[in-house]
1. Can you pull out the trypsin sites (Lys or Arg not before Pro) in the range 151-216 whose DSSP state is coil and whose Cβ has at most 14 other Cβ atoms within 10 Å?
2. Quick one: the Cα spread of the range 261-340 along its three principal axes, in angstroms, biggest first?
3. For q = 0.18 Å⁻¹, what log10 I(q)/I(0) does the range 214-329 give under the Debye formula with an equal point scatterer on each alpha carbon and no solvent?
4. Under 5 Å between amide H atoms, partner at least 5 residues away or on a different chain: which partners does Arg46 have, H built in plane at 1.01 Å?
5. Each residue of the range 182-193 in turn: what ³J(HN,Hα) in whole Hz from Karplus with 6.51, -1.76, 1.60 and θ = phi - 60°, glycine and Pro shown as x?
6. Calculate I(q)/I(0) for the range 288-331 by the Debye formula, one identical point scatterer on each C-alpha and no solvent, and give its log10 at q = 0.20, 0.24, 0.26 Å⁻¹ to two decimals.
7. Per 5 Å bin, what percent of the C-alpha pairs of the range 282-405 does each bin hold, from zero upward?
8. First check a/c for the range 150-241, with a ≥ b ≥ c the square roots of the eigenvalues of its C-alpha gyration tensor; if it is under 1.5, answer rounded, and if not, answer prolate when a/b is larger than b/c or oblate otherwise.
Amino acid sequence: MPPSILQLIRVIQYISLTSLIYSLSSSAEDTTLVCSSTDATDCYPRIFQATKDFQDIREGQDIPPGLHVRLNIYDGKREARLNIPMEGENGEVQISDESPAQNSIITIPTPEKEAPIQETMPIKHEQKPPAYRPEGKVPIPNPTDAETFQSSLQSIKNNDQSLDQALDNLSDLSHDIYFGMEIIKDASALQNLVCMAFWHEAKNNSTSYKIMGRKAAIIIGSALHNNPGAMKELEPKKNIVMYPSCVAQSETTNDIKNEQFVVAFGRSLKQEQDPIILKTKIVTLSRLLKEPSIRGIFLKEEGMKLLLSIFTSDNDGFNIVRRKISELVMDNFLDEESGADITVWPKSRRSPKNRCMNKENNLEDGCWEHHIEKLSAISPKEKWLKEFLSALKDQRSKKKTKTEL
């Protein structure tokens with residue numbers, strides 16, 4: 001006999017068996033009606049009447065055993081039909097006598113409408129969140145850069161023959177947040193970089209020595225630029241920066257000299273005539289002064305007098321240096337929007353013009369306006385000079401008002 005006829009006979013037998021089970025479970029209660037709790041006119045049999053198609057199981061209906069029951073997960077309603085093989089299903093169907101609650105949940109595809117988005121409850125964590133870090137998550141560098149960095153940092157600390165190449169390597173790597181933090185964190189390396197950048201050795205006035213000093217300044221400045229983690233590491237190193245122990249090399253011996261930063265930098269400036277190198281060092285100094293304790297020592301040691309001496313220099317090409325000095329003063333003392341602490345400088349009133357024309361007094365804090373006005377008269381088109389003068393006058397007037405109050 002062909003398989004198709006056998007299949008048909010099995011289906012007929014199955015329908016007969018299902019009908020028998022259903023008739024045995026029926027009683028006089030089959031005709032009992034129940035009504036919807038929301039609409040009294042909507043009544044239906046209390047015993048679910050199954051067919052070959054899925055139908056919703058209504059409120060209050062009892063489900064006879066042996067039916068195919070499923071749950072529509074999209075609307076939450078239960079559906080049932082006769083447990084017979086349908087097109088697309090396997091021919092073997094097992095009849096379950098388990099209660100409907102024990103039947104499996106089946107997902108019903110609804111292509112004509114999208115499933116509603118279900119809100120998920122946030123997961124509760126027992127652990128406390130990590131402490132806030134202003135530098136954010138610092139990515140770990142690749143192994144090749146890390147190896148180059150470590151060997152270069154060691155050369156800086158040892159002051160060995162590969163020093164020049166090490167400075168080139170760190171000039172590139174110091175822009176990285178991670179490496180910038182590591183440079184400032186290493187006290188020995190930082191001290192040697194400060195000595196190279198700001199401490200001038202009278203017996204070594206070669207061009208290569210000056211270029212190395214500029215590279216050292218670039219490394220420090222780049223390490224601190226937009227790097228809160230490096231700035232945090234700088235605070236405990238304030239004495240290393242402001243009172244470094246630098247090695248004075250001579251033909252016979254290496255002497256260690258402790259010299260105050262402002263004095264050492266001032267002596268170095270007397271030997272330096274290259275405005276590009278000076279500009280780089282002023283930018284680095286500005287970033288160092290962002291650290292409050294270093295800024296405090298700088299002011300105490302009359303660092304502003306040193307800056308004014310550079311500002312008033314009549315060397316050729318120094319206009320770029322003067323502009324960087326004005327930016328340093330603005331960013332650290334006058335412009336609050338740039339992160340300046342406007343409470344620390346200037347402390348005194350403006351000095352009279354005749355006092356500022358006297359060599360003995362012309363570098364005191366009260367003479368800045370006099371020198372700015374003098375330069376502005378020579379270069380009236382320089383807008384930055386006018387902005388610098390305006391900010392300084394405004395800050396002095398605020399200090400004067402507070403004093404009078």
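1. Counting only loop positions with at most 14 other Cβ atoms within 10 Å, the trypsin sites (Lys or Arg not before Pro) in the range 151-216 are Lys203.
2. Extents along the principal axes, in whole Å: 32, 25, 18.
3. Debye intensities relative to I(0), on a log10 scale: -1.00.
4. It is Thr32, Leu33, Val34, by chain and number.
5. 5, 5, 5, 5, 7, 4, 5, 5, 4, 4, 5, 5
6. One equal scatterer on each Cα of the range 288-331 leads to -0.66, -0.86, -0.94.
7. That works out to 2, 10, 21, 25, 23, 13, 5, 1, 0, 0, in percent per bin.
8. Prolate.
Coordinate-derived values only; no laboratory data. Since this is a predicted model, take the numbers as computed values, not measurements. With ideal geometry, Cβ positions are generated from the backbone for all residues, glycine too; neighbour counts draw on all protein chains shown.
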